[in-house]
Amino acid sequence: MGSQDNNVALSSNSFLAYKSAKVFVAGHRGLVGSAIVRKLTQLGFTNLVLHSHAELDLTRQSDVEAFFASEKPEFVIVAAAKVGGIHANNTYPADFIAINLQIQTNVIDSAYRNGAKKLLFLGSSCIYPKYAPQPIPEDALLTGPLEPTNEWYAIAKIAGIKMCQAYRIQHKWDAISGMPTNLYGPYDNFHPENSHVLPALMRRFHEAKVNGAKEVVVWGTGSPLREFLHVDDLADAVVFMMEKYSGLEHLNVGSGKEVTIKELAELMKEVVGFEGDLVWDSTKPDGTPRKLMDSSKLASLGWTPKVSLKDGLADTYKWYLENVNL
Ligand SMILES: NC(=O)C1=CN([C@@H]2O[C@H](COP(=O)(O)OP(=O)(O)OC[C@H]3O[C@@H](n4cnc5c(N)ncnc54)[C@H](OP(=O)(O)O)[C@@H]3O)[C@@H](O)[C@H]2O)C=CC1
Ligand SMILES: C[C@H]1O[C@H](OP(=O)(O)OP(=O)(O)OC[C@H]2O[C@@H](n3cnc4c(=O)[nH]c(N)nc43)[C@H](O)[C@@H]2O)[C@@H](O)[C@@H](O)C1=O
């Protein structure tokens, strides 16, 4: 089945034409959700519906149903999820599969039942097989075994894509999915163990510099390749997809540029200004050896990223100094 076979007519669904539309951004306090809120605010959206986890626990079906029945948002962006780096994914598999299945199932179903015009679900590049062809095209999904450190999270995310597809097919409802590559930027999670590599290294190098440490430990061998995208670029792509895309297939969202973890660590060392040595802890997992996404479908619709890794790191470190390292 081609990606256009289940398109929903967009004529009544323009996103950008209607800045007073009620838009629910689930997960608005996180890395991604906060960037989407910044972008929508800059664009002039005036009716954003925002609830923290403490105010509305999206794993609770009856609370989610009551929220949608009373608020009836017209557009829904799902950036709420249980998220973490390689260690967190590997350590809390039950949380990663259960919480994510609950959040996305509750939100997608309630959004449909309460008349939302369009919903965008965010997955992750870890949905693809561990040894997918590189760069990874969208149709590599479900063609091979997953990376074991994050298969529980990946299975939940794959279920989210399939749920959007199923509602599109059965109900002719405009649910789409975007698959971002590894992200970073303001409001990231800088936890020493549970975060992703980029914020983890930023904090570790910064603390080493401040404490005058001679070395910094970096996990794994340094050889895995990762593609990084600044979260402001992702927010731009989310708005672009809300306006321009209405198809069955999920769309990759990447920068097209990859670096080894060793190169990332060297760059971070330079940006932070740490002058000691790197020590590699090979008892820690490398995870997927490479996951560069093929984002040419999104590019062919007219979207391109703008922020280079070097500029994005400098910008994020400035934010870290002003907001985290108080
Ligand atoms: N970070 C990355 O590198 C990547 C992220 N993504 C995807 O982007 C999306 C957002 O990720 P990111 O911003 O990094 O994650 P964060 O951990 O920064 O933010 C997650 C958000 O989800 C909210 N949340 C979590 N559980 C619940 C719950 N039970 N009820 C209500 N809200 C909840 C949190 O709310 P609160 O703050 O109030 O606790 C928080 O605002 C996810 O779908 C993720 O898969 C995809 C690829 C890469
Ligand atoms: C976005 C994506 O994020 C996760 O996948 P990942 O890409 O493997 O994520 P990561 O950022 O945690 O690690 C990238 C690489 O970096 C190395 N590494 C070095 N030093 C540290 C370090 O200090 N912390 C971490 N976390 N990694 C480190 C680490 O060993 C690995 O080789 C998925 O679980 C899944 O959730 C997902 O979708």
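Tally the DSSP beta bridges in the chain and give the antiparallel ones as a percent, rounded to 5. In the chain, DSSP labels about 10 percent of beta bridges as antiparallel. Using R0 = 51 Å, the C-beta based FRET efficiency linking Lys172 and Glu275 works out to 0.25.
For Lys130, give me every one of the lysines with a C-alpha distance below 25 angstrom, ignoring sequence neighbours fewer than eight places off in its own chain. Cross-link targets: Lys82, Lys157, Lys162, Lys257, Lys262, Lys284, Lys291, Lys297. Gain on full extension, evaluated as 0.36 nm per residue between Ala213 and His191 minus their Cα-Cα distance, stands at 6.0 nm. Close amide H partners of Asn47, meaning residues 5 or more places away or on another chain with modelled amide H under 5 Å apart, are Val23.
Mind checking the angle between helix 231-244 and the chain's longest principal axis? C-alpha axes, 0 to 90 degrees, to the nearest 10. Orientation of helix 231-244: about 20 degrees from the principal axis. Rolling a 1.4 angstrom probe over the chain with all protein chains present gives an accessible area of which 52% lies on carbon and sulfur atoms.
Solvent exposure of region 1-151, expressed per residue, is 44 Å² of accessible area, with all protein chains present and a 1.4 angstrom probe.
Within the straight-line cut-off of under 21 Å between alpha carbons, the lysines reachable from Lys318 are Lys39, Lys209, Lys269, Lys306, Lys310, sequence neighbours fewer than 8 places apart in one chain being disregarded.
Rounded to the nearest 500, the helix-only mean residue ellipticity at 222 nm of the chain stands at -13000 deg cm²/dmol, with each DSSP H run of n ≥ 4 adding -39,500 (n - 2.57). Taking the Cα centre of region 205-305 as origin and assigning +1 to Lys and Arg Cβ atoms and -1 to Asp and Glu Cβ atoms, the resulting dipole is close to 180 debye. The long axis of helix 61-71 is offset from the longest Cα principal axis of the chain by roughly 60 degrees.
Per-residue extension of 0.36 nm, minus the Cα-Cα distance of Ser14 and Asp311, leaves a gain of 103.6 nm for this segment. Each of Phe274, Leu58, Gly247 was placed along the dipole of the chain (beta-carbon charges, centred on the mean Cα), and the one lying farthest toward the positive end is Gly247. When a/c is below 1.5 the answer is rounded, else prolate if a/b is larger than b/c, else oblate, so apply that to region 112-197 with a ≥ b ≥ c taken from the square roots of the Cα gyration tensor eigenvalues. Cα axes put region 112-197 in the oblate bin. Report, in degrees rounded to the nearest 10, the 0 to 90 angle that the Cα long axis of helix 309-323 makes with the longest principal axis of the chain. Here the helix axis deviates by roughly 90 degrees. Of the residues Trp303, Leu198, Tyr18, the one whose Cα sits farthest toward the positive end of the charge dipole of the chain, with +1 on the Cβ of Lys and Arg and -1 on the Cβ of Asp and Glu, is Tyr18.
The values are calculated or read from the model by the stated rules, or taken from the named source; none is laboratory data. Quantities reported herein were computed from a predicted structural model and do not represent experimental measurements. Glycine also receives a Cβ, built like all others from the backbone with ideal geometry; neighbour counts cover every protein chain displayed. Just so you know, the surface numbers come from the protein's heavy atoms only, side chains and all, with ligands and any DNA or RNA stripped out. Shrake-Rupley method; radii C 1.70, N 1.55, O 1.52, S 1.80 Å.
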